[in-house]
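Take a look at the structure set out below.
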Amino acid sequence: MKRITIDPITRLEGHGKIEIFLDDEGNVKNAYLQVPELRGFEKFCEGRAAEEMPRLTPKICGVCPTTHHMASSKALDDLYEVDPPLPARIIRELMNSAFMMEDHTLHFFFLGAPEFVVGLDAPAAQRNILGVIEKVGVEIGKKVIDARKRCRQVITLIGGRVIHPVCGLPGGVSKALTEDDRTQIIDAARNAVEFTQFALKLFDDVVLANQEYVDVILGDVYKHRTYYMGLVDSNNKVNFYDGMIRVVDPDGVEFAKFKPRDYLDHVAEHVEPWTYARCTYLKKIGWKGFVDGKDSGVFRVAPLARLNVSDGMATPLAQEHYERYFDVLGGKPVHNTLATHWARLIEALYASERMLELAQHSELTNPDVRTIPTRTPVKGIGVVEAPRGTLYHHYETDERGVLTAVNLIVATQNNIAAMNMSVQKAARMLIKNGEISDKLLNMVEMAFRAYDPCLACTTHSLPGQMPLIITIHNPEGEIVKTLTQ
Amino acid sequence: MKTLIFGLGNTILTDDGVGIKVVRELKKMMEEHPEIEFKEGSVGGLSILDEIEGFDRLVLVDSIKTADGKPGEVYRLSPEDFNTPAHLINAHGVDFVTAVKLGRKLGYKMPEIIDIYAVQVKDNVTFSKECTSDVQASIPGIADVIMEGL
């Protein structure tokens, strides 16, 4: 048997790449973010029964299985033209809220907090969750893990399994909840409300109280004037589970508001020769390249976008934070990418409050959780908000419900164009005259880490993380520096 | 000693699920060992923490893609062999080694003995339920190697 040491930079294949090209003066001519992509999922699904999709699509991703399960279940509702009864809708949204809370707080403590709590100047080896715990204490670390665990128990309770839930069916869910379940969910939700308020307080104390950090957040390096997209409810409040898709322009004015079924009239995909990932853009504006502004079809999704497209949050505590967020950051829309970290925590608080509301709903334990489909299927489209943005599932079948075509637009794809622009802008502004320090490269990396991109799911393989490699080329195209963080 | 044999991977991603397939094979071979628990999961990072807490010994079976390995080859590794930093670029990235370190730091009972078997894959980016032929053929042999190492 072979013995090797696993070094991501020399020994592993399949990784994310930032390629930076310098000109004769040592300034950045161009920069690209390249991501590997999995192949052939749509093809793999063809010929299978549509009702398998809620169990199959969570396997695309070990991080967002719950949202794929939701989008897929909703696509089946649409396919069979059935409305789930109210208790089923409550159960589904409850599950999605628990997942949002878990994923958002995890992101903050593992990815956002290391920059700010440990410090922008700290060596990469310390800018991680272990470094955060070193600073804030073991007790807080335990709280993070505990809050996450409780939310995952809620997902397991509802979905049968936490990683690959099995509850979603066309027209509802497979299992009703009991009063005992309610007690446990209320307990988890109360804990989540308390914990996310604590996380917001930490953000206040560590980030907002430090002028240097506020300057970094508000600085031009991390700013793009783009369109924004997200789901809103009938009052234009943020909603993760259902509603209309709203798009606002770079001035914050509503540009479009449409039903999931009409997404192809609004969203198109652009292919670049140098990356597998397809960039989405607004069809009615058109693809004008990796540029921002009103004339470019580039839009953004995820927390920053969702707060920008909405008129508020549907729960009281989150609404208070929403108002303060726009006050502090100078009004709506906020174009500063790094503000995503703050927006994410406000959403986590909303998800927690929403969880509590739904857990207390009188209809939660009503056993009527299924509307049985009777129509012949043709086409179904389901849209939800994943932690990383708007997620589209589109299925077409023959009259037996066997899939003939599948189209998925995953959340990260909607941010690919913006992420490239962010990396390019940060590289241009931070790397001057050939001077390349680790700190500068970290600041380039911060430009896209805020988006929390899904760099494909090849992370199933050891060592369990996708190495990101940054290569810098001289004007002749030769590699002058290679770095991995 | 309370032992967990844990297969990791995605069984619809060609060779990515080889770890799970090896563990299924081992489970068939070792039916009369009540002290050994078998688990499989398409999980990463922190979720692993939930699964391995409370065991004395962990045997992890997963796939790997190195630059110069032959498909179906197996490496026996320990957590120290992973030169990967705990610094993350996305939430997928909470790797196994960091998860264990975090677990220890927070006072959870983490396995004292950890062996990692990593099987070299040919394709882990194409959706398919079947492994490639070299990887598929290596499964019984790898199960034998792991059983001998227990």
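The values are calculated or read from the model by the stated rules, or taken from the named source; none is laboratory data. These numbers were taken from a predicted model, which means no experiment stands behind them. Don't worry about glycine lacking a Cβ; one is built from the backbone with ideal geometry, like all the others, and counts go over all protein chains shown. The protein model used for the area step is the full one, side chains on, heavy atoms only, and it has no ligands, DNA or RNA in it. Shrake-Rupley method; radii C 1.70, N 1.55, O 1.52, S 1.80 Å.
Numbers for the structure displayed
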item: Part-to-part distance (alpha-carbon centres) for the range A:188-203 and the range B:22-58, which is given in Å; result: 33 Å
item: Viscosity 0.890 mPa s, 25 °C: Kirkwood-radius Stokes-Einstein D of the range A:312-457 over Cα pairs, µm²/s; result: 127 µm²/s
item: Inter-chain shielding of B:102-108 (mean C-beta neighbours from other protein chains, 10 Å cut-off); result: 4
item: Cβ neighbours within 10 Å from other chains - mean over B:115-127; result: 4
item: Calculated [θ] (222 nm, deg cm²/dmol) that DSSP helices of n ≥ 4 give over the protein assembly as shown, each run adding -39,500 (n - 2.57); result: -11000 deg cm²/dmol
item: Flagged links, alpha-carbon separation over 21 Å, of A:Lys223/A:Lys288; B:Lys2/B:Lys28; A:Lys425/A:Lys481; A:Lys481/B:Lys122; result: A:Lys481/B:Lys122
item: Per DSSP, loop GluC sites (Glu not before Pro) in the range B:2-67 with at most 14 further Cβ within 10 Å; result: B:Glu31, B:Glu32, B:Glu35, B:Glu53
item: Loop sites in the range A:194-268: trypsin sites (Lys or Arg not before Pro), DSSP, at most 16 other Cβ within 10 Å; result: A:Arg225
item: Carbon plus sulfur fraction of accessible area for the range B:3-148, probe 1.4 Å, in percent; result: 47 percent
item: Computed E for A:Val166/A:Glu212 - FRET, C-beta separation, R0 35 angstrom, nearest 0.05; result: 0.15
item: DSSP-defined antiparallel bridges as percent of all bridges, the range B:3-148, nearest 5; result: 15 percent
item: On Cα atoms only, tilt of A:138-159 relative to the major axis of chain A in degrees; result: 40 degrees
item: Partner chain coverage, peptide B:60-68 - average Cβ within 10 angstrom; result: 5
item: Gyration tensor verdict on the range A:121-258 (Cα atoms; rounded if a/c is under 1.5, prolate if a/b is larger than b/c, oblate otherwise); result: oblate
item: Within the range A:381-414, GluC sites (Glu not before Pro) in DSSP loop having at most 10 other beta-carbon neighbours inside 10 Å; result: A:Glu399
item: Whether the protein assembly as shown is rounded, prolate or oblate, judged on the alpha carbon gyration tensor where a/c under 1.5 counts as rounded; result: rounded
item: Lysines with Cα under 23 Å of A:Lys135, excluding same-chain neighbours fewer than 8 positions away; result: A:Lys143, A:Lys149, A:Lys201, A:Lys439, B:Lys101, B:Lys105, B:Lys109
item: Accessible surface buried once B binds A (1.4 Å probe; total of both sides; Å²); result: 5800 Å²
item: Span from the the range A:274-313 Cα centroid across to the the range A:94-165 one, whole angstrom; result: 28 Å
item: Nearest-10 value in Å² for the accessible area of A:Thr471, using the 1.4 Å probe; result: 10 Å²
item: Gyration tensor verdict on the range B:3-148 (Cα atoms; rounded if a/c is under 1.5, prolate if a/b is larger than b/c, oblate otherwise); result: oblate
item: On Cα atoms only, tilt of A:316-328 relative to the major axis of chain A in degrees; result: 20 degrees
